[in-house]
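Only one structure is covered here, and it is reproduced in the block below.
The values are calculated or read from the model by the stated rules, or taken from the named source; none is laboratory data. Keep in mind it's a predicted model, so treat the numbers as computed, not measured. Reconstructed Cβ throughout: ideal geometry from the backbone, glycine too, with neighbour counts over all protein chains shown. When the accessible area is computed, the model is the full protein with side chains, heavy atoms only, and any ligands, DNA or RNA have been set aside. Shrake-Rupley method; radii C 1.70, N 1.55, O 1.52, S 1.80 Å.
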Amino acid sequence: MKKILVIYYSQSGQLKEISNNLIAPIKESDYCEIDYYNIQPENPFPFPWSGKSFYDAFPESFQQIPVDIIPPPKDILDKKYDLIIFSYQVWFLSPSIPINSFLKSSYAKKIMGDTPIITVIGCRNMWVMSHEKVKKLIAQANGNLVGNVSFVDRHINHVSVITIVHWMFSGKKTKLYGIFPKPGVAQRDIDAASKFGEIILNKIEKDDFKDLPNELYNAGGVLTKPFLVLMDQKANKMFSLWSKFVLSKNKNRSFKLFLFKIYLWLAIWIISPIVFLLFLITYPIKKRKIDREMNYYRGIE
Ligand SMILES: Cc1cc2nc3c(=O)[nH]c(=O)nc-3n(C[C@H](O)[C@H](O)[C@H](O)COP(=O)(O)O)c2cc1C
């Protein structure tokens, strides 16, 4: 029997549904035994979010400051797994606080050490730089990352910003005003997650994950676009300054977060369209470099 552990955190249930669908073919096989570990912070984050709590999560998310989590069950800590499916979401271009808190805890080393890990990301559309941070933390926990699948909202960036705000602040994954598309990962992508489970099952059978990244990519499992990567890189630089500013010693945290909120909206609605135009103009001369970078982030050769 192969022992598989699914580790996840999900507020709305979206990532839980993706993980369940992905794992379904593995669960149905008669030689895999599956355990689940739902990461839970001692003090749960709100869902739906209020405007205040949402922006308040920014500096600690970005600076990857951990919170206390409820310890994993003892039987999970004591087992040695053959594979871990690690499902996480992105908060402010970084792994969400509960995910980061687990990865930085002593439990991560105990559970993930010397174990193959496949990450499953469910986010709006910007995960690449966050994944670099997760790669580092998995390596620090002595885990062995063997593959990645990302699930994103495929609508254009600005539409997905409007719809996710509606979803996060109302708790309802519904069409805003009946006109906008549904927020988050499309139901057809969530339903189709099992195709990646089949690819993974094949690798478990052979006990060889070597070609997994290429196969997951060819099956449409690594969704990102060059412009989103560029925005992610640039925003990381700005978020680094902003998060340090908000956390700096002098008081007025709520005022500083108010300034950050204004910056964020300007960045999304004014700065990013200008950067997009510049990106389009310079794309032909930068194409080779961008292609190389994209293959690295996709984890393919
Ligand atoms: C505080 C916060 C910040 C977020 N920041 C990002 C982000 O930087 N990039 C992104 O693609 N999605 C972002 N999202 C969306 C989440 O990654 C995720 O898709 C959404 O919260 C649903 O996940 P769930 O399964 O936990 O409900 C953010 C969500 C929250 C609540």
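Tabulated results
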quantity	calculated
Identity of the residue in the stretch 43-62, outside any helix (DSSP H, G or I) and away from the ligand (no atom under 11 Å from the Cβ), that ends up least open to solvent (accessible area, probe 1.4 Å)	Ser50
Selection count where residues are under 20 Å from the mean Cα position of the chain (by Cα) and either more than 11 Å from the ligand (Cβ to nearest atom) or assigned to a loop (DSSP other than H, G, I, E, B) (or both), scope the stretch 1-42	18
Some residue of the stretch 136-151 being within 20 Å of Gly220 (Cα to Cα), near the ligand (Cβ under 10 Å from one of its atoms) and assigned by TED's automatic domain parsing to the domain that holds Tyr31	yes
Considering residues of the stretch 138-173 that are open to solvent by less than 50 Å² (accessible area, probe 1.4 Å) and assigned to a loop (DSSP other than H, G, I, E, B) only, the residue nearest to Pro48 (Cα to Cα)	Gly171
Subset of the stretch 89-119 (residues that are in contact with a Phe, Trp or Tyr (Cβ under 7 Å, 6 or more places away or on another chain), within 16 Å of the ligand (Cβ to nearest atom) and part of a strand (DSSP E or B))	Val90, Ser94, Pro95, Thr119
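Results for (1) within 11 Å of the ligand (Cβ to nearest atom); (2) without any contact (Cβ under 8 Å) to a residue 40 or more places away in the chain; (3) on the phi > 0 side of the Ramachandran plot, shown as yes or no for each residue.
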position	(1), (2), (3)
Met129	yes, no, no
Asn157	yes, no, no
Ser160	yes, yes, no
Trp167	yes, no, no
Ser170	no, no, no
Ala186	no, yes, no
Ile190	yes, no, no
Glu198	no, no, no
Leu201	no, no, no
